[in-house]
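Notes to accompany the following structure.
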Amino acid sequence: MATLPQVESSAGRVSRETSDTPPAANSAPKTPRKKLVRRVNADHSQQLRRGFQTAFLLLNLWVGAKFYLWVRYFESGTASLGRARPAGVEGWLPIAGLMNTKYWFTTGHVPVIHPAAMFLLITFVAIAFLFRKAFCSWLCPVGTVSEYLWRAGRQIFRRNFHLPRWTDIPLRGLKYLLLAFFVWAVANMPAEAIDQFMRSPYGLIADVRMLNFFRYLGETAAIVLGILVIASLLIQNFWCRYLCAYGALLGLASLLSPLRIRRTESTCIDCAKCAKACPSNLPVDRLITIKSAECTGCLECVAVCPAERALDISLPQWTKAPHEGRMPPWAIAIGIALLFFGIVGYAKTAGHWNGEVPNLIYQQIVPHADEVGHPAE
Ligand code: SF4
Ligand code: SF4
C-alpha cells in the first residue's frame, strides 16, 4: 500500500454544501496533506458507462436507418424497403413527449399518436430522478458525441477551455429559458388542442420532418451545426451545458434524486483530481455533497479518486459510517437498464408502443412532408 506522510488535518479547508461554482484551483491539483489509503478495488464505472453509451448510440443508428428506409418506402414506393415504422424514433421528439404526457395526465388516456415519445420521456425523467442526470452521460447519443468531441479537442489543443464565470453562468441559464418556453407553451394547450395537433398532418409526421431537416440541411443550419461542433471541441459538453432543454428538464428532476456524489472528508486527501476530472466543472473536492443540477452521474470523479472510501455516489447517510448507502456503478447500470427495458417493455406488451396511424395516411403525406404546414399557420 502506498502511503504519503500525514501533514495536517482538514481544519481550515473550504467546505461548502451546495455551490457549484468552479474553484480557482480546479485546474491545479492541491498538495495532498493527509495520509493516502489507496483504493483496494479497481473502478470499472467508465468501462460500464462507455459500454452503455456505445450500445445506445448503435441502437439509435439502427432505429434511424430503419426509419430512413421506412420514409424511402413511402417516397419511392419500393416494396423491398422497410415497411415497419420503428416507434423508438419518437425519442427524438421530446416536445411531442411533453405534450403527450400532459394529455395522459389530464385525460387519463394513453395518446394514440407518438405514444413512444411519452414513454421514452417518462423513462428518461425516471432515470434522472433515481440516478442523477445519468441519461445525459450514460445514454444520450448527443451527449456521447459531445463527449467524443471534447476528448478529441483535448487531444488537438492539449486542453479544453472554460468560459469565464460572467459568461458561463448566464449561458447555463439559456437551456432553462428554452425549457421554460416549451413548458409554458405545452401548459397553455388544452388536452383537446394537443389531440388535434397530434392528429394534424404536421403532428403525424413531425419525425419525418425532423429527418428531412438533417437530410436537406440548409446553409444556415449547416453553419450553426459547424459552430456547435467547433464549440464542442473547445468546451466540454457545450451543447449539453448551455443549450439542451431536455438536459435542463432532467437536471431539474435530478435535484429530487436521493442519489448524490458524496465526499468523505476524513479519507479525502485533498488532491483535487475529482474536480479536475469533472466534465461539468463542479468543485467536487470542495463540497461534501454534490447537489448541482449539472451533475450527470458520469462517475468520472469517482473513477479517478485514489483514496479508499473518499468519494462515492450514494444514498443519504443516516449514520457516520463512511460507506453507508454507497451505490456501486454496476447497480446504477442495472437500474438504468431495468428502467429502460421495464417501461419500454410495458408499453410494448400493453399495446401502447406503436401509434395508431394507418399506412394509407402515411402514404399520402410522407412524400409531401415538406409541404405540410403547421396547424397554427
Ligand atoms: S464527474 Fe462527478 S460530479 Fe462531475 S458530473 Fe460526473 S458524477 Fe457529477
Ligand atoms: S475526493 Fe478523492 S479525488 Fe477528490 S480530492 Fe478527495 S481524494 Fe482527491
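The values are calculated or read from the model by the stated rules, or taken from the named source; none is laboratory data. These numbers come from a predicted model, not from an experiment. Every residue, glycine as well, gets a Cβ built from its backbone with ideal geometry; the counts of neighbours run over all protein chains shown.
Couple of notes before you dig in:
- Helices (runs of 4 or more DSSP H) contained entirely in segment 179-254, each with at least 2 residues that are free of Cβ contacts under 8 Å to residues at least 24 places away in the same chain and of a type in the set (Phe, Trp, Tyr): 206-215
- Test: residue 186 is touching a helix residue (DSSP H, G or I) at 6+ places or on another chain (Cβ under 7 Å), assigned by TED's automatic domain parsing to the domain that holds residue 140 and closer than 23 Å to residue 63 by Cα: no
- Taken as a whole, the condition of being near ligand 2 (Cβ under 10 Å from one of its atoms) and either in contact with a strand residue (DSSP E or B) (Cβ under 6 Å, 6 or more places away or on another chain) or over 28 Å from residue 178 (Cα atoms) (or both) applies to residue 262.
- Any pair with Cβ under 6 angstrom, 6 or more apart, that starts in segment 262-273 at a residue that is part of a loop (DSSP other than H, G, I, E, B) and ends at one that is of a type in the set (Asp, Glu) and within 8 Å of ligand 2 (Cβ to nearest atom): 272/285
- Failed item, numbered, when residue 269 is tested on (1) near ligand 2 (Cβ under 9 Å from one of its atoms); (2) among the aliphatic types (A, V, I, L, M); (3) within 22 Å of residue 44 (Cβ to Cβ): (3)
- For segment 351-360, the set of residues classified as touching a residue at least 12 places away in the same chain (Cβ under 8 Å) and loosely packed, with under 15 Cβ neighbours inside 10 Å consists of 356, 359, listed by residue number.
- Unique residue being crowded, with 17+ Cβ neighbours inside 10 Å, away from ligand 2 (no atom under 16 Å from the Cβ) and closer than 23 Å to residue 55 by Cβ when the list is 365, 313, 336: 336
- For segment 281-298, a tally of residues being buried (at least 21 other Cβ atoms within 10 Å of the Cβ) and not in a loop (DSSP other than H, G, I, E, B) returns 5.
- Residue 301 meets each of the listed conditions (1) closer than 27 Å to residue 36 by Cβ; (2) more than 10 Å from ligand 2 (Cβ to nearest atom); (3) surrounded by 21 or more Cβ atoms within 10 Å (Cβ to Cβ) apart from (2).
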